[in-house]
Amino acid sequence: MRHLKSDWLTQGPKVLNFENALSVKFGGKYTSAVSNGTAGLHLIALGMGWKEGDIILTSPITFLASANCAVYVGAKPDFVDIDKSSFTIDPNKLESKLKYYLSKNIKVKAVVAIDYAGHPCDWEALKNLKDKYGFQLVNDFCHAIGAEYKKDLQYAVKYADAVNLSFHPVKNINNRRRGAVITNDEVLDKRIKTLRTSWYDKR
């Protein structure tokens, strides 16, 4: 109640404290608190410069925001099937889809991989594909806050260019429909922080 009675309505020192705590917990250099996980993905799409005609690959086993973030900016989502044991995007099928687009002289802009139901993706394989094919890599981390990959709690930002979190009440940590974006990219972080203010002010 003390915070609700303060002079701050949206941003402020408590938000900064929250962002810093998330950075420490998950090993990222920069964190931006946002209104929810869907907004986080939208801001990632804007901050990464996705535009009309770009191809964004993701998994069909997810909440619709993972694909809609591409639609919001005029890009085209396409789907890659899952690994049957982890329910996350299959790296082998992803490479087949990347080769398919290359055969048509189309370079995939980004891959949004979802750590689904607490199961991390094969991030080592995804990072190798990122390095090989040159796409941007996003971790939709909303289902896996607290998960470990190769016994590492801070794995997400080590592999992905941007990590999206949700604190929706159905998630394992909830904060009444809030979200956050973590990254080690200072330019991307500045863009997201600018957009979360200027874009929302226009709504």
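Residues in the stretch 42-52 that are part of a loop (DSSP other than H, G, I, E, B) and not small (Gly, Ala, Ser): 48, 50, 51, 52.
Can you tell me which residue in the stretch 139-162 is nearest to the chain's Cα centre (by Cα), limited to those that are at pLDDT 95 or above and of a type in the set (A, V, I, L, M)? Residue satisfying both the conditions and the ranking: 162. A Cβ distance below 7 Å, combined with a sequence gap of six or more or placement on separate chains, defines the contacts here; from the stretch 31-44, residues that are surrounded by fewer than 24 Cβ atoms within 10 Å (Cβ to Cβ) reach residues that are of a type in the set (Lys, Arg) in the pairs 33/178; 35/178; 36/177; 36/178.
Taking the conditions (1) over 27 Å from residue 90 (Cβ atoms); (2) out of contact with any helix residue (DSSP H, G or I) (no Cβ under 9 Å at 6 or more places or on another chain); (3) basic (Lys, Arg); (4) at pLDDT 95 or above in turn, residue 190 satisfies each one other than (2). So in the stretch 124-143, with the set limited to residues that are surrounded by 16 or more Cβ atoms within 10 Å (Cβ to Cβ) and polar (S, T, N, Q), which one is nearest to residue 66 (Cα to Cα)? Of everything passing the filter in the stretch 124-143, 139 is nearest to residue 66 (Cα to Cα). Sub-7 Å Cβ pairs linking a first residue in the stretch 132-145 that is closer than 11 Å to residue 109 by Cα and hydroxyl-bearing (Ser, Thr, Tyr) to a second residue that is modelled with pLDDT of 95 or more and not in a loop (DSSP other than H, G, I, E, B), at least 6 apart or interchain, are 133/98, ordered by first then second residue. Sub-8 Å Cβ pairs linking a first residue in the stretch 53-82 that is closer than 24 Å to residue 118 by Cβ and assigned to a helix (DSSP H, G or I) to a second residue that is among the acidic types (Asp, Glu) and modelled with pLDDT under 95, at least 6 apart or interchain, number zero.
Among the residues of the stretch 86-94, is any closer than 24 Å to residue 154 by Cβ, polar (S, T, N, Q) and at pLDDT 95 or above? For the stretch 86-94, residues closer than 24 Å to residue 154 by Cβ, polar (S, T, N, Q) and at pLDDT 95 or above: present. For the stretch 1-19, residues that are assigned to a helix (DSSP H, G or I) and either over 30 Å from residue 73 (Cβ atoms) or at pLDDT 95 or above (or both) total 3.
Entry remark, the stretch 83-102: residues being assigned to a loop (DSSP other than H, G, I, E, B) and of a type in the set (Asp, Glu) number 2 in total.
The values are calculated or read from the model by the stated rules, or taken from the named source; none is laboratory data. What you are looking at is a predicted structure, and each value in this text was computed from that prediction instead of being measured. No Cβ is skipped: glycine too gets one built from the backbone with ideal geometry, and neighbour counts run over all protein chains shown.
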